[in-house]
Amino acid sequence: MAAPTNSDVALSEQLPGAGGGPVTPKRGMPKINLRASGIYIAFALIVVLFAITTDGALLQPQNISNVIIQNSYILILAIGMILIIIAGHIDLSVGSVVAATGAIAAVLMVDHGWSWPLAILATLVVGGIIGAWHGYWVAYFGIPAFIVTLAGMLLFRAITMTILGNQGVGPFPEEVRTLANGFTEGYLGNVGLGPLGGADLFSIIVGGLVVIGWAVTQWRARVGRLGYGQQVEPMWLFLTKIVIAGAVVMGLIIQLARFKNLPWVLVLLAVLVLAYSVMTSKATFGRHIYAVGGNLQAATLSGVKVKSVVFWLFVNMGVLSAVAGIILAGRLNLAGPTAGNAFELDAIAAAFIGGAAVQGGVGKVIGAITGGLIMGVINNGMSLAGEPPERTMLVKGAVLLIAVAFDVWTKRRAGVAGR
Amino acid sequence: MTDDILRMRGITMEFPGVKALSDVNLTVRRGEIHAICGENGAGKSTLMKVLSGVYPHGTYSGEIEVDGEPGHFSGIRDSEHRGIVIIHQELALCAQLSIAENIFLGNERATRGMIDWNKTNHDADNLLKRVGLREKATTTVADIGVGKQQLVEIAKALSKSVRLLILDEPTAALNDRDSEHLLDLLRGLRDEGITCVIISHKLNEVISIADRISILRDGKMIRTLDPANDEITEDVIIAGMVGRDLEHRFPPHEPKIGEEVLRIENWTVHSPIQPDRAVVSNASLTLRAGEIVGLAGLMGAGRTELAMSVFGRSYGVGISGQVYKNGKEIRTRTVQEAIRHGIAYATEDRKRYGLNLIDDIKRNVSAAALTKLASRGFVNDNEENKVAESYRKSMNIKAPTVASITGKLSGGNQQKVVLAKWIFTDPDVLILDEPTRGIDVGAKYEIYTIINQLADQGKAVLVISSELPELLGLCDRIYALSAGRITGEVPREEATQERLMQFMTKGQG
Ligand SMILES: Nc1ncnc2c1ncn2[C@@H]1O[C@H](COP(=O)(O)OP(=O)(O)OP(=O)(O)O)[C@@H](O)[C@H]1O
Ligand SMILES: [Mg+2]
C-alpha cells in the first residue's frame, strides 16, 4: 500500500523525479562533518602550532615519549570517564581512588613484600570493589553520581591518608617502574634510517603490523558494507584516510624508535583504546551505555538492564583508576598521600573537549583520548616555551570552553536546538 | 487594519538533507478557525514553528505579515509579544512543577519580583475552570496524564494575551469526549475574537470546527478549502493530502483466531503516588492467537496503567494478579522477563518512553532486540542497517536514511519507528498503546494493514485507543475499562459506539 506521495521527501529533493524508486547508494563528494571531525582537526592544528612555537622541540623523539608517559594515567582515566558521562553520570572520585589504589599497591609490595603480579592483581580487585561501592549507591540506591562520588572523593582521600600517614611509600619493584616509565627492549637490534640515524627494528615492525592490521580491518568493513549495498565513502577518500593515518602512526613510531623504543604504557594504552572503542561501537553492552544516556526510560522499557549497566560502568572506572594509580605510583616510584589530586577534573575535561555531551548519550573513547592529548600537548608545548603554569591553566580553561561552545553551536546550526 | 490577521508568503525552509517547506503561502483571517491538514512529515509543524519564531527570522526565506506589519521574530518571546502563542505537538511542561507554576512560567504573577502565590493559584484555578480541567492548581504536572497536560497547555496559552492561538495536534492525545470539550472551548474563544490555527489528523473534527482548511503535501501548499466556494468532505481533504482517493479507512480483514495466548486474571494495580488507591482493580482479560482485541476507556480509566504494569511492572505499586501465557503462569516482574515471554508494549508517549531522540532510526529500531542482531555480544551493524532499512521502506518512514536522528523526524514518523522497534522483537503478544496517535489517514491505513498482518502471523494484539471508530474498525473483540474495572466485553458484531460508551462510563461518578 505505498502511496505515491509517501516517497521520501529528502530523496525526491536530491534525485529529481525519483518517485519512491529504489534507493541507490549515491557516491558523491562527501561533506565534512565539522561536528564529528572538528576535534581531530583542532588537535592537528594545536600540534602544528606548538611544533612551530617550540622550533620543533615538541616533535623531538624524547619529547614525544615524555608527553605519552606524562599523560598516560589521565588518558586511562578518560576512557572510563567518557563511558560514565555517556551514560549520563559523572565520577568525581577518581583522583582519590588513584591515590588510594597506589597506596594499597605500595603497601602490599613494599611493606608486605608481595610479589608484584599478585600485588597488582589485588590492587585491581580493590579498584573494582571501590567502583562497585559507588555503583551500588548510584545504580541501585538511586543517589545522583555527583553526590556519591563527591563523598567518595573525600572518603578515599581519607583512606589514603590513613594508610600512608603523611609520608610516601616506595620504592617500587623494577618491573612496576618499567611498566610505568620504561620501554620495550631492542629485541631485534637497530636499523639505520639514513639521516635519521639508528632506530629500533622491533618497534618499527610492531608499528608496521598495527598499521597493516588496521588497514585490513577497515577494508573488510568497507567490503562488508558494500556487500549489504550500503553507501561507502569514495575510494580515493578511503585510501587518503588510510594513508594519512598510517603515515602519522608510522611517523610517531619511528620517532619513538629513534629514542628508546616503545614506552610500555603506550602499548597498554593502545590495547585499552582499541578494546574499549570496539566495545562501545560494536558490543551490545556498549549500545546499552548509549541507550541509557540517551533516554533512560526508553532504555528501561526496551528491556535494557539499566541498573546493571550503570553499576558495571562504575566498577570499570574503579579498575581503570587502579591501573592509573599503579602507573602513577610506579612512575614517581612513590605512593604519596596527595597523589592524583584533581585528576578527575583533567579526565572530565578530556571527555568534554573530546565531544561528550553534558546530558549524556553522546561521546567516543577516541574523542576523549584526543581531548586528553590536546591538553597534554598544550601543557607540554607551553612549558617547553617557558610559559608560567598560570598561563597554561588559562589556555586550558579557554580550550575547554571553546570546545564545548563549538559543539553547542554546531548542534544549534543543525537545527536540533529549535525544538 | 486588514481582515487578515496573518499572511505568510513564499516560506521556504530547509534542514540538512530535507526541504521541509517550499514556497508556502498561508493567509489567516481575523477571528476564524483555520485548520491545517497534511500527511506526516508534510511540514505542518515546521510551518507553525516558523510562524511562532521557534525557527528565528533568517533561518527560513519568505515573508510573514501580522496585521499587515512585517513580523520578524527572533524567538517565541517576540511572537508572543504580537499575540501569537503556539502549543507544540509534544507538550512542553515542567513535570516537577505544579499546574499553576507551569501556567505562569515565564509570566509569573508577581509583585516586585516576589511571586504572589494566592493570586497565582487563584488565577490558575479560574483558567482551569475555563478549560474544564478538574484538578487542583497545586497538583504536580507529572501526576496527571498526557491528556490533562494538554488542557494545562491551553490554560497556559490563555494566560497570555493571545490573539492568534496555534495548536499543533491538540486532540491527538484526547478521547472523543475531551476532544469535543476542547473544540467547544475553541469555538468559545473564537467568539471572544481569538483566531485559531489548528493542526489535526482527525478529519471529522477538522470539518466540524474549521472555517477554512489549508492542505500541505510534501512541503507545498496544495490548496485552501473555503466553504464559500468548495465542497468540504473528508474525501476532498484526503485527496488533497495524499494526492489520490482513499476508498476504505480500514483494510478488509478475515480473522483466523486460534488458541488463547495470554490471560490476565484478577489484576490489581495501585498508584505509586497514592499507594492506597487502586488504578486497576480485579481486571481479567484474555487474548487469543490471531485476534485483535481492543481496550476502550476514557482518559484516566487505567488502560495504559494496566498495560504497563503487565509489561514488567513498569508502572504502579502493590500489583497483584496472575498472567498466563499459553496456559502456564508466567512471571513478568521485569521488562526483560516480559520481553523474554514474547510480550511487547509500544508506548503512547513516544518522546518520553519510546525513543532515544538523540540517536538514529536504526539504533532505535534495534534497541529492544539487540541480541537478535548480535553474536557473542557483538552487534552486526550491517545487518542492523538492513533490518532498519526494510522497516523504513515497508512502513514508509519519511527520512533520508536510517541514520537520521529520530529527534528530527515528524511526530508521525517517530511513531512508526516505535512500532518498528517492537515489531522487530517478534513478540507473541503485542500491546499497542494509541498506535496511530498523530498519524495521518494514509499512514493509519498502512499501520492497520501491518496490525492485520501481525495477527495473521498468529500474534495476539491488544490495541488501546481513544478513537472508538478505530477500535470498531480494527478489533475482533473490545473490552471496556472504566475507573480501573473491566465493565464490558463486546464482540465485533455487537459493538457500536453507543454500547461502548455506556460501558466506558459505567460506575463513574
Ligand atoms: N530539526 C529538524 N532537522 C531536520 N529535519 C527536520 C527537522 N524538523 C523537521 N524536519 C523534517 O521536516 C519535515 C517536516 O516535518 P514536520 O514536523 O513539519 O511534519 P508534520 O507535517 O508536522 O508531520 P506530523 O503530522 O508527523 O507531525 C520532515 O521530513 C522532518 O523529518
Ligand atoms: Mg507535526
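The values are calculated or read from the model by the stated rules, or taken from the named source; none is laboratory data. Just so we're clear, the structure is a prediction, and the values are computed from it rather than from any experiment. Every residue, glycine among them, receives a Cβ derived from its backbone with ideal geometry; neighbour counts consider all protein chains shown.
Some points to look at:
- When we screen B:Y345, B:Y353 for residues that are modelled with pLDDT of 95 or more and closer than 26 Å to B:A367 by Cα, the only hit is B:Y345.
- Within region A:190-220, the only residue that satisfies the criterion of being part of a helix (DSSP H, G or I) and touching an Asp or Glu at 6+ places or on another chain (Cβ under 9 Å) is A:F202.
- Selection within region B:229-245 - in a loop (DSSP other than H, G, I, E, B) and either outside the structural domain of B:G62 (by TED's automatic domain parsing) or not hydrophobic (A, V, I, L, M, F, W, C) (or both): B:N229, B:D230, B:E231, B:T233, B:G243, B:R244, B:D245
- Condition check for B:F378 on (1) under 24 Å from B:D428 (Cα atoms); (2) facing another protein chain (nearest Cβ under 9 Å); (3) more than 25 Å from the chain's Cα centre (by Cα): one failure, at (1).
- Single condition B:A301 does not satisfy, out of (1) in a loop (DSSP other than H, G, I, E, B); (2) within 14 Å of another protein chain (Cβ to nearest Cβ); (3) at negative phi: (2)
- Hey, B:S74 away from ligand 1 (no atom under 16 Å from the Cβ) and within 23 Å of B:N25 (Cβ to Cβ) or not: yes
- Residue match in region A:233-240 (condition: more than 14 Å from every other protein chain (Cβ to nearest Cβ), touching a Phe, Trp or Tyr at 6+ places or on another chain (Cβ under 9 Å) and touching a residue at least 12 places away in the same chain (Cβ under 8 Å)): yes
- Residue in region A:280-295 that is more than 10 Å from chain B (Cβ to nearest Cβ) and over 29 Å from A:A158 (Cβ atoms) present: yes
- Looking only at region B:138-176, and only at residues there that are assigned to a loop (DSSP other than H, G, I, E, B) and within 16 Å of B:L97 (Cβ to Cβ), the one that is nearest to ligand 2 (Cβ to nearest atom): B:I144
- Counting only strands (runs of 3 or more DSSP E) that sit wholly inside region B:1-78, those with at least 2 residues that are within 14 Å of chain A (Cβ to nearest Cβ) and more than 13 Å from ligand 2 (Cβ to nearest atom) are B:4-15, B:18-29.
- Checking each residue in region B:265-296 for being outside any strand (DSSP E or B) and under 26 Å from the mean Cα position of the chain (by Cα) picks out B:S271, B:P272, B:I273, B:E291.
- Within region B:40-65, if we keep just the residues that are within 10 Å of ligand 1 (Cβ to nearest atom) and touching a Leu at 6+ places or on another chain (Cβ under 8 Å), the residue that is farthest from B:I207 (Cα to Cα) turns out to be B:V50.
- Condition broken by B:Y445, with the remaining ones in (1) of a type outside the set (D, E); (2) in contact with a Phe, Trp or Tyr (Cβ under 8 Å, 6 or more places away or on another chain); (3) away from ligand 1 (no atom under 16 Å from the Cβ) satisfied: (3)
- For region B:194-203, filtered to residues that are within 14 Å of B:D440 (Cβ to Cβ) and not in a strand (DSSP E or B), the residue that is farthest from ligand 2 (Cβ to nearest atom) is B:L203.
- In region B:248-289, the residues that are among the hydroxyl-bearing types (S, T, Y) and surrounded by 16 or more Cβ atoms within 10 Å (Cβ to Cβ): B:T268, B:S271, B:S281, B:T286
- Flag if A:F141 is surrounded by 13 or more Cβ atoms within 10 Å (Cβ to Cβ) and of a type in the set (F, W, Y): no
- Yes/no for A:G128 being part of a helix (DSSP H, G or I) and touching a Ser or Thr at 6+ places or on another chain (Cβ under 7 Å): no
- Members of region B:345-362 that are within 7 Å of chain A (Cβ to nearest Cβ) and over 29 Å from B:L295 (Cα atoms): B:I358, B:D359
- Only one of the listed residues (A:G213, A:G182, A:G186, A:G197) is away from every other protein chain (no Cβ under 14 Å), in contact (Cβ under 8 Å) with a residue 60 or more places away in the chain and loosely packed, with under 12 Cβ neighbours inside 10 Å. That residue is A:G197.
- Flag if B:S366 is more than 7 Å from chain A (Cβ to nearest Cβ), under 15 Å from B:D426 (Cβ atoms) and not β-branched (V, I, T): yes
- Residue satisfying condition, being under 27 Å from B:R350 (Cα atoms) and within 16 Å of ligand 1 (Cβ to nearest atom), within set B:I144, B:I166: B:I166
- Close pairs (8 angstrom Cβ cut-off, 6 or more residues apart or separate chains): small (G, A, S) and buried (at least 21 other Cβ atoms within 10 Å of the Cβ) in region B:360-385, modelled with pLDDT of 90 or more and in a loop (DSSP other than H, G, I, E, B) anywhere: B:A367/A:S302; B:A367/A:V304; B:A367/B:N356; B:A368/A:S302; B:A368/A:G303; B:A368/B:T425; B:A369/B:T425; B:A369/B:D426
- Residues that are assigned to a loop (DSSP other than H, G, I, E, B), away from ligand 2 (no atom under 16 Å from the Cβ) and over 19 Å from B:A374 (Cα atoms), drawn from region B:405-430: B:D428
- Residue match in region B:211-228 (condition: in a helix (DSSP H, G or I) and either more than 18 Å from B:G31 (Cα to Cα) or more than 14 Å from chain A (Cβ to nearest Cβ) (or both)): no
- Selected residue (criterion: surrounded by the fewest Cβ atoms within 10 Å (Cβ to Cβ)) from residues of region B:386-407 that are more than 7 Å from chain A (Cβ to nearest Cβ) and among the basic types (K, R): B:K393
- Filtering region B:415-473 to residues that are hydroxyl-bearing (S, T, Y) and crowded, with 24+ Cβ neighbours inside 10 Å leaves B:T436, B:S465, B:S466.
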